[in-house]
Amino acid sequence: MSENESKKVRRDAARERAREAREKQQARRRRNRTLGISGIIVGSLAVIAVVVVVIAGSVQPAGPGPKNMASDGVLLTGQDGKIVPVATKATPDGGTPTPTKQDDSVANITVYSDYMCPYCNQFETSQMSQIEQWVEDGSATLELHPFNLLDRVSLGSKYSTRSAAAAACVANYDPDAFLAYNTSLYENQPSESTRGLTNDKLASLAEAAGATNSKVASCITDQTFAGWVADATNRVMNDPIPNSSLDKVTGTPTVIVNGKQYSGSLTDTDAFATFVEANGGTA
């Protein structure tokens with residue numbers, strides 16, 4: 001073989017090795033790109049799965065409401081000098097609440113509140129004693145609507161929802177204890193920006209308030225009516241308020257007497273009594 005032929009063979013061999021190296025490099029790049037795309041897809045699916053889990057965990061399941069709260073609230077009236085709850089059927093799953101038919105010959109006092117709201121506690125502490133007296137003597141009715149305006153201030157524990165759901169359990173299984181339990185929840189009200197009371201503590205307070213039905217505790221710890229609280233809150237915050245001219249509730253407490261919202265001092269009993277007398281006929 002001549003020298004020129006030998007150079008040609010070496011040159012062709014070098015070109016072949018270079019071609020093979022390029023093909024291997026291209027194959028490696030294609031493989032890495034495929035793996036990268038697959039990783040992105042898998043990672044995206046994982047993120048989507050996490051988002052779905054988070055969303056699913058944040059949405060309470062729908063379900064029927066509690067008995068004795070067909071209006072989304074508990075109606076209390078006077079009977080033989082005692083305060084008694086009005087019995088109602090539960091709002092069915094997917095159903096709508098039934099507004100209370102009010103008697104305008106008495107003061108119909110309706111309160112929308114959140115058990116973590118300090119202003120609600122001010123109203124409760126200052127005004128409830130005289131309200132109860134009016135209800136006992138038959139010159140007023142009282143309708144209490146708990147909802148979850150302040151879930152955001154309980155460090156993720158959703159105390160407003162949990163306490164409202166606990167009250168619904170008492171209304172459902174032991175309604176005669178509802179008013180006492182309502183009082184107890186304010187007497188034991190946690191501060192904002194805390195996790196609030198545990199479900200077990202909420203259950204023990206219910207028992208201490210007179211809710212002795214054996215199903216109350218498990219209803220509270222299982223948060224049976226958390227879905228209803230979400231539905232009731234959505235209605236309160238977005239729909240017209242029955243027996244009033246309010247388009248929705250924008251803060252707590254919202255106190256309505258025979259259709260008119262009270263905007264005076266939460267702690268001035270004389271001011272509230274004057275408002276009730278002017279709008280409801282009681283004194």
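Could you check how many residues of the range 184-200 are open to solvent by 40 Å² or more (accessible area, probe 1.4 Å) and among the hydroxyl-bearing types (Ser, Thr, Tyr)?
4
Which one of 217, 203, 209 is without any contact (Cβ under 8 Å) to a residue 24 or more places away in the chain, buried (at least 18 other Cβ atoms within 10 Å of the Cβ) and farther than 24 Å from residue 107 by Cβ?
Of the residues listed, the single one that is without any contact (Cβ under 8 Å) to a residue 24 or more places away in the chain, buried (at least 18 other Cβ atoms within 10 Å of the Cβ) and farther than 24 Å from residue 107 by Cβ is 217.
Output the number of residues of the range 95-109 satisfying the condition of being over 14 Å from residue 232 (Cβ atoms) and out of contact with any strand residue (DSSP E or B) (no Cβ under 8 Å at 6 or more places or on another chain).
Of the residues in the range 95-109, 3 are over 14 Å from residue 232 (Cβ atoms) and out of contact with any strand residue (DSSP E or B) (no Cβ under 8 Å at 6 or more places or on another chain).
Residue-wise test of (1) crowded, with 23+ Cβ neighbours inside 10 Å; (2) over 24 Å from residue 189 (Cβ atoms).
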{"position": "80", "(1), (2)": "no, yes"}
{"position": "95", "(1), (2)": "no, yes"}
{"position": "121", "(1), (2)": "no, no"}
{"position": "133", "(1), (2)": "no, no"}
{"position": "163", "(1), (2)": "yes, no"}
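Does residue 249 satisfy the criteria of being buried (at least 20 other Cβ atoms within 10 Å of the Cβ) and not in a loop (DSSP other than H, G, I, E, B)?
no
Yes or no, residue by residue, for (1) open to solvent by 50 Å² or more (accessible area, probe 1.4 Å); (2) at pLDDT 95 or above; (3) within 16 Å of residue 71 (Cα to Cα); (4) polar (S, T, N, Q):
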| position | (1), (2), (3), (4) |
| --- | --- |
| 226 | no, yes, no, no |
| 239 | yes, yes, yes, no |
| 243 | yes, yes, yes, yes |
| 260 | yes, yes, no, no |
| 268 | yes, yes, no, no |
| 271 | no, yes, no, no |
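The values are calculated or read from the model by the stated rules, or taken from the named source; none is laboratory data. As the structure is a prediction and not an experimental result, all values here were calculated from the model. Positions of Cβ are generated from backbone atoms using ideal geometry, with glycine treated the same way; all protein chains shown enter the neighbour counts. For the accessible areas, the whole protein counts, side chains as well, though only heavy atoms, and no ligand, DNA or RNA atoms are used. Shrake-Rupley method; radii C 1.70, N 1.55, O 1.52, S 1.80 Å.
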